[in-house]
Structure formats: C-alpha cells, structure tokens
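Here's the structure, in structure tokens; my notes come after.
The values are calculated or read from the model by the stated rules, or taken from the named source; none is laboratory data. What you see is a predicted model, and the numbers here were worked out from it, not measured in a lab. Cβ coordinates were reconstructed from backbone atoms using ideal geometry, including for glycine residues, and neighbour counts include every protein chain displayed.
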Amino acid sequence: VSKIFSAGLDITEMSGKSNEHYAAFWRAVQEMWLKLYGSNMVTIAAINGSSPAGGCLMALCCDYRIMADNPKFAIGLNETQLGIVAPFWFKDTMINTIGNRATELSLQLGQMYPAPEALKFGLVDKLVPEDKVQSAAAAAMSQWLSVPDHARQLTKSMMRKPAIDRLVKQREADINNFVSFISKDSIQKSLQIYMDRLKQKK
Ligand SMILES: CC/C=C\C/C=C\C/C=C\CCC/C=C/C(=O)SCCNC(=O)CCNC(=O)[C@H](O)C(C)(C)COP(=O)(O)OP(=O)(O)OC[C@H]1O[C@@H](n2cnc3c(N)ncnc32)[C@H](O)[C@@H]1OP(=O)(O)O
C-alpha cells in the first residue's frame, strides 16, 4: 500500500472478541515473530511508508532496514499511545537494534520517529528517495548474500538466539498475560478511544 509499510497489528482483532480469539491471535503474532526474527535467510525491509507498532516490529526483525526518505513517514513502537504495552519480546527486538536507553525512551513515550530521526536513532539503516526503496533493498540483498552463508547464519543465530529462547520458554505464560491484559475493560476502552480518534482524523 502506498504511504504505509504496515499499520501494525489489526486492532479489530484485539477488540470485542472472546478470550479464545485473543489467545489464537497472540499465538499467531508470536509465530510471525519467531519465524521472521529467527529466520536463517537474509531479510531486508524495504520500508515504503509508515510503520507503527507491529509494523515496526516486522521491520526490526529484518537484518537491514531501508526507508523512504520522507519525513511524513514514521516508524516506532507506539503501543503506549494506544494505552497498551509492548511485550518483552518486542522490547528485546528493539534493544537489540538501538540499545537500552533509546528503547526505554521510545517505549515509554510511544514515540513514532519520522524517517530522518529514525535514521539518527539507528531504527533504520539507510534512507533513500521513495522511488529507490526497492532497488536499494535489492542492492543491499546482493551485498548480504555475498557473505558465506554458513558463517552469516551462525552469526545471526548467535546474536538472536537468547531473545528467541526467552519467548519459546515463556510462550504459554505470554499468551495468558496478553489475554488477561487485552480483555480488561479499561484496555478495551483505550483501544476504542484510539480507533475513534483514527476515524475522526479523516
Ligand atoms: C508488563 C507487560 C504487561 C502487559 C503486556 C501484555 C500484553 C501486551 C499487550 C498488547 C500488545 C499489543 C501490541 C500491539 C501492536 C500493534 O501493532 S497495535 C496497532 C498499532 N497501529 C497503529 O497505531 C496504526 C494506526 N493507524 C495509523 O496511524 C494510520 O491509519 C496509518 C498511518 C496506518 C494510515 O493512515 P491513513 O492512510 O491516513 O489511513 P487511515 O488512518 O484513514 O486508516 C484507514 C482505515 O484503516 C483503519 N486502521 C488503521 N490502522 C489500523 C490498525 N492497526 N488496525 C485496524 N484498523 C486500522 C482506520 O481506522 C481506517 O478505518 P476506516 O475508517 O476506513 O474504517
């Protein structure tokens, strides 16, 4: 979609549904993260627009991020702005990318960074003109693929395994935590207010 890399998780999947639905939804989100963050393939994010929350997480799962150089496009883990909390594995993914202090600032404030600031923070690796995002991503892919694959894969696994193991060990507890959190009346109300605001912006 033009202007949007990803709008993040579908908020309607987290509103007004049963606990069984929330559990299945969260398991699928975990699965996406485990597959993408744990992939032994080279993954390059070609970020052609805004990328809030789950969209930012997907980009952070990649090995390298190239973003369109347009200050109207922003990226970040903005969960607190919705009245929700980025779970520990979202947080770990961001820490592994930009470090602890920058992550704490980002997460507490639910900060969305316009592209130039995202580059400054290390949230993305490179900015290119909007019409060059795909070609720059293809060029980066060639560079990454030129590294001997076994060595690159082992290095990637060494860097990411502790975060992945942490979620694998606590998967069921994390699902229970999500369900009890998201089904609270106060959290449902926050999500509703956020969705209403989005619609009013039009
Ligand atoms: C100690 C720890 C304790 C607890 C932790 C336990 C558990 C964790 C709990 C929760 C974790 C949840 C993690 C959540 C992650 C997420 O990803 S939440 C989603 C975040 N996404 C957003 O905030 C995006 C909001 N959207 C926008 O900013 C904009 O819509 C856009 C920039 C993406 C696009 O802008 P426009 O092109 O201007 O389009 P519109 O704004 O008009 O939107 C069109 C249409 O789409 C609807 N929509 C937009 N985003 C979403 C979404 N994410 N989900 C569902 N629907 C969305 C929007 O309302 C419009 O709908 P209509 O009005 O056309 O019906």
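Yes/no per residue for (1) in contact with a Ser or Thr (Cβ under 9 Å, 6 or more places away or on another chain); (2) closer than 20 Å to D92 by Cβ; (3) surrounded by 14 or more Cβ atoms within 10 Å (Cβ to Cβ); (4) free of Cβ contacts under 8 Å to residues at least 60 places away in the same chain:
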{"site": "S142", "(1), (2), (3), (4)": "no, no, no, yes"}
{"site": "L145", "(1), (2), (3), (4)": "no, no, no, no"}
{"site": "R152", "(1), (2), (3), (4)": "no, no, yes, no"}
{"site": "K156", "(1), (2), (3), (4)": "yes, yes, yes, no"}
{"site": "A163", "(1), (2), (3), (4)": "yes, yes, yes, no"}
{"site": "K169", "(1), (2), (3), (4)": "no, yes, no, yes"}
{"site": "E172", "(1), (2), (3), (4)": "no, yes, no, yes"}
{"site": "I175", "(1), (2), (3), (4)": "no, yes, yes, no"}
{"site": "F178", "(1), (2), (3), (4)": "no, yes, yes, no"}
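Considering the stretch 1-22 alone, what residues qualify as being over 16 Å from M195 (Cβ atoms), at pLDDT 95 or above and near the ligand (Cβ under 7 Å from one of its atoms)? Can you show your working first?
Residues of the stretch 1-22 over 16 Å from M195 (Cβ atoms): 1-6, 18-22.
Then keep just the ones that are at pLDDT 95 or above; that gives 4-6, 18-22.
Passing the criteria: only I4.
Does any residue of the stretch 40-57 turn out to be part of a helix (DSSP H, G or I) and either hydrophobic (A, V, I, L, M, F, W, C) or loosely packed, with under 15 Cβ neighbours inside 10 Å (or both)?
yes
Among the residues of the stretch 24-39, count how many are farther than 21 Å from N96 by Cα and either surrounded by 18 or more Cβ atoms within 10 Å (Cβ to Cβ) or touching a Cys at 6+ places or on another chain (Cβ under 8 Å) (or both). Spell out how you get there, then give the answer.
We begin by selecting, within the stretch 24-39, every residue farther than 21 Å from N96 by Cα; these are 24-28.
Filter again for either surrounded by 18 or more Cβ atoms within 10 Å (Cβ to Cβ) or touching a Cys at 6+ places or on another chain (Cβ under 8 Å) (or both), leaving 25-26.
The total comes to 2.
Considering E31, E13, which residue is charged (D, E, K, R) and closer than 16 Å to I84 by Cα?
Working: E31 fails: closer than 16 Å to I84 by Cα.
Residue meeting the stated conditions: E13.
Between a first residue in the stretch 1-12 that is on the phi > 0 side of the Ramachandran plot and a second residue that is among the aromatic types (F, W, Y) and crowded, with 20+ Cβ neighbours inside 10 Å, which pairs have beta carbons less than 9 Å apart while being 6 or more apart in sequence or on different chains?
K3/F73
More than 22 Å from A46 (Cα to Cα), away from the ligand (no atom under 16 Å from the Cβ) and either of a type in the set (F, W, Y) or assigned to a helix (DSSP H, G or I) (or both): is that true of V168 in this structure?
Details: more than 22 Å from A46 (Cα to Cα): yes; away from the ligand (no atom under 16 Å from the Cβ): yes; either of a type in the set (F, W, Y) or assigned to a helix (DSSP H, G or I) (or both): yes.
For V168, the condition - more than 22 Å from A46 (Cα to Cα), away from the ligand (no atom under 16 Å from the Cβ) and either of a type in the set (F, W, Y) or assigned to a helix (DSSP H, G or I) (or both) - is met.
Is at least one residue of the stretch 23-45 touching a strand residue (DSSP E or B) at 6+ places or on another chain (Cβ under 8 Å) and within 15 Å of the ligand (Cβ to nearest atom)?
no
Within the stretch 61-111, restricting attention to residues that are of a type in the set (G, A, S) and in a helix (DSSP H, G or I), which residue is surrounded by the fewest Cβ atoms within 10 Å (Cβ to Cβ)? Lay out the reasoning, then the answer.
The initial filter retains those residues of the stretch 61-111 that are of a type in the set (G, A, S), namely 68, 74, 76, 83, 86, 99, 102, 106, 110.
Subset that is in a helix (DSSP H, G or I): 102, 106.
On the way: A102: 17, S106: 23.
Taking the candidates together, the pick is A102.
Tell me whether the stretch 104-122 contains one or more residues that are in contact with a strand residue (DSSP E or B) (Cβ under 8 Å, 6 or more places away or on another chain), within 19 Å of G76 (Cβ to Cβ) and of a type in the set (D, E).
Within the stretch 104-122 (the criterion being in contact with a strand residue (DSSP E or B) (Cβ under 8 Å, 6 or more places away or on another chain), within 19 Å of G76 (Cβ to Cβ) and of a type in the set (D, E)), the answer is no, since none of the residues qualifies.
Check the stretch 76-88 and report whether any residue there is of a type outside the set (A, V, I, L, M, F, W, C), within 24 Å of S142 (Cα to Cα) and in contact (Cβ under 8 Å) with a residue 12 or more places away in the chain. Give the steps one after another, and end with the answer.
First, the residues of the stretch 76-88 that are of a type outside the set (A, V, I, L, M, F, W, C): 76, 78-81, 83, 87.
When the remaining residues are screened for being within 24 Å of S142 (Cα to Cα), the result is none.
Taking every residue of the stretch 76-88 in turn, none turns out to be of a type outside the set (A, V, I, L, M, F, W, C), within 24 Å of S142 (Cα to Cα) and in contact (Cβ under 8 Å) with a residue 12 or more places away in the chain.
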